[in-house]
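Data first, discussion second: the structure below is written as structure tokens.
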């Protein structure tokens, strides 16, 4: 048996190739993104500014723009994309439901409402993130509870409909609170980074166990998985990642729904491989979207429109080439 | 290996069955028979510890099932569920390796040794060539063999199968039943539910006949499965036909007249 167990080099390469390519693409997108905006920079200038910045010389307009405005924004966009994609992958896996995502479950709206309310009441930093987390948990709790109580012929659809309805209700609350406060605030990226990496490391540590949650409940339990406890950990981590993203950038739909499918089409459903790829794809996609938004000079294009315009063709192309089922 | 004493089973809101007592040793097979809705699956779930016993108790390997935590239970009982709609596109080897959750610590992943156990289980069931295929894309018979291989890789001494031959074609049924015979010969204790009295006669040592959750009979298969009992169990007249050493149940030639259950 052991002969078949050892992986030959080509096979090992096939396993890491998708991730490596996506990572390279992310780096390229990030590099291009630095030059894009109302103050365009040529690739040469970007290289020069990056080089001198590494040697503690960020003087000049270009240096200030790259190091103080563009790089932080690029970092946040990439992290938001990664966090939403990871959260979406986790939720879809957990509920065995291809339509589930942070936004369709109401988690994003709950987190946003929590964050906005915290801002209205003058909270700062960690308190805003905590409120976002609490709001997200509350929303997913309400959605699960309501969906569970409804007489469901199709539990998949019931869960989503409940999520969408609860999300729109929370959205009304957000709109109301927004008239008082602006959720786009100067929350430092460090809190975001901490929350996101906490959630991600939970997933990476438990990745293989979490795979088993995709089985039927009885099946997973008969294999020795403590499903209820594991589910709670997964929900809490996905909500934490969502809350982190929402607290810095508001609600961004679509990414958390589609990117996990893209990643699953490429590497299959096993969490240990799905998760890193979803994170990198989500980061790249979000960054591309943000770059286009910055490049469009005349009008401020809402991110929701751009996510759809860029993501839909990409998703259809993947679907057409898919050899695997989505689920 | 497995013992149940005056077991009542069902849900908090609805009792499905009661009064089941049974005992099974290693190297023995028990077939559970009963009409649709008689409580076969609920009983199996209770024997697996997935549902708490409403009354009485289940003992596995001398341990009360309630005293075992999830992983310890999984080390003693492996489950082959009824076939269901395909889920995620896991490969066959991925599916089989999931059985190792019964042995691995919380944060561990299957290693080389686990892959060896998984591949070995697949080749014991003659489906090692499917290892890299996507599980959901297999035929029903192949899926069933893979799920049995997964249960083997779980390395539990007791195997519980819920209607392992349902929805299989003639050849695959024979194949799966032959595998069960082989596994019994290898020292496993096996419990399976079935709708085919002949399967119980030919492949089980004991038969438990469940009618509306109550045991109609629990005995050696050849003793429990009389034409009379089968008639009462399913509510139709049957003839017992002997073909050489084999016994077959067929609906009575005089027509399927109703028999009071």
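Where a number appears in this text, it was derived from the coordinates with a stated rule and is not lab data. Since the structure is predicted, the reported quantities are computational estimates derived from the model, not experimental observations. Glycine gets a Cβ as well: all are built from the backbone with ideal geometry, and neighbour counts include every protein chain shown.
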Item to complete: Starting from the Cα gyration tensor of the protein assembly as shown, take the square roots of the eigenvalues, sort them a ≥ b ≥ c, and report rounded, prolate or oblate (rounded when a/c is under 1.5, otherwise prolate if a/b is larger than b/c, else oblate).
Response: prolate
Practice prompt. Take A:202, A:104 and order them by how many other Cβ atoms sit within 10 Å, fewest up front.
Written response: A:202, A:104
Worksheet item: What length, rounded to one decimal in nm, is gained on full extension from residue B:248 through to residue B:57, with 0.36 nm per residue of separation minus their alpha-carbon distance?
Response: 65.3 nm
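How high is the FRET efficiency from residue A:67 to residue B:69, r the C-beta distance, R0 51 Å, rounded to 0.05?
Values: r = 54 Å, r/R0 = 1.06.
Plugging the Cβ-Cβ distance into 1/(1 + (r/R0)^6) gives 0.40.
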Worksheet item: Under a plain spin-label model, where a point goes 7 Å from the Cα along Cα-to-Cβ, how far apart in nm are residue A:312 and residue A:233?
Response: 4.0
Worksheet item: Alpha carbon centre of region B:66-143 versus region A:92-114: separation in Å?
Response: 30
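Where both residues lie in region B:135-261, what percent of DSSP beta bridges are antiparallel, nearest 5? Provide the component values of the computation, followed by the final result.
Numbers: 13 of 17 bridges.
Here the antiparallel bridges make up roughly 75 percent for region B:135-261.
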Practice prompt. For helix B:170-185, report the angle its Cα long axis makes with the longest principal axis of the Cα atoms of chain B; keep it between 0 and 90° and round to the nearest 10°.
Written response: 80
Worksheet, complete the sentence: Counting only backbone N atoms under 16 Å from a point 7 Å out along Cα-to-Cβ of residue B:167, the residues of region B:30-58 in range are B:41
Worksheet item: So if R0 is 51 Å, what FRET efficiency would residue B:155 and residue A:38 give, r being the distance between their Cβ atoms, rounded to the nearest 0.05?
Response: 0.20
Item to complete: Per DSSP H run of at least 4 residues, take -39500 (n - 2.57); add these up for the protein assembly as shown, divide by its residues and hand me the 222 nm value, nearest 500 deg cm²/dmol.
Response: -18000 deg cm²/dmol
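Between rounded, prolate and oblate, where does region A:234-288 land on the alpha carbon gyration tensor, with a ≥ b ≥ c its root eigenvalues, rounded for a/c under 1.5, else prolate if a/b exceeds b/c? Spell out each step's value before the answer.
On the way: a/c = 2.26, a/b = 1.38, b/c = 1.64.
Oblate.
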Worksheet item: Once a ≥ b ≥ c are taken as the square roots of the eigenvalues of the Cα gyration tensor of region B:1-89, is the result rounded (a/c under 1.5), prolate (a/b larger than b/c) or oblate (a/b not larger than b/c)?
Response: rounded
Worksheet item: Under 16 Å from a point 7 Å along the Cα-to-Cβ line of residue B:15: which residues of region B:30-49 have their amide N that close?
Response: B:39, B:43
Fill in: Label point at residue A:197 placed 7 Å out along Cα→Cβ; residues across region A:70-84 whose backbone nitrogen lies under 18 Å
A:72-84
Item to complete: Mind giving me the nanometre distance, one decimal, between the label points for residue A:168 and residue A:145, set 7 Å out from Cα along Cα→Cβ?
Response: 2.2
Discussion item. So if each residue of separation counts as 0.36 nm, and I subtract the Cα-Cα distance between residue A:13 and residue A:292, what length gain in nm does that give?
Written reply: 97.2 nm
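Count the DSSP beta bridges whose two residues both fall in region B:2-225, then state the antiparallel fraction as a percent rounded to the nearest 5.
Working: 21 of 39 bridges.
Counting DSSP beta bridges with both partners in region B:2-225, the antiparallel share is about 55 percent.
For region A:18-321, report the % of Cα-Cα distances exceeding 29 Å.
Cα-Cα pairs in region A:18-321 separated by more than 29 Å: 36 percent.
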Discussion item. Could you work out how much longer the chain between residue B:36 and residue B:232 gets when fully extended? Use 0.36 nm per residue separation minus the Cα distance between them, nm to one decimal.
Written reply: 69.2 nm
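Would you mind getting me the FRET efficiency between residue B:83 and residue A:175? Use the beta-carbon distance for r and R0 = 45 Å, nearest 0.05. Don't skip to the end; give the middle numbers.
Details: r = 48 Å, r/R0 = 1.07.
Efficiency for this residue pair is about 0.40.
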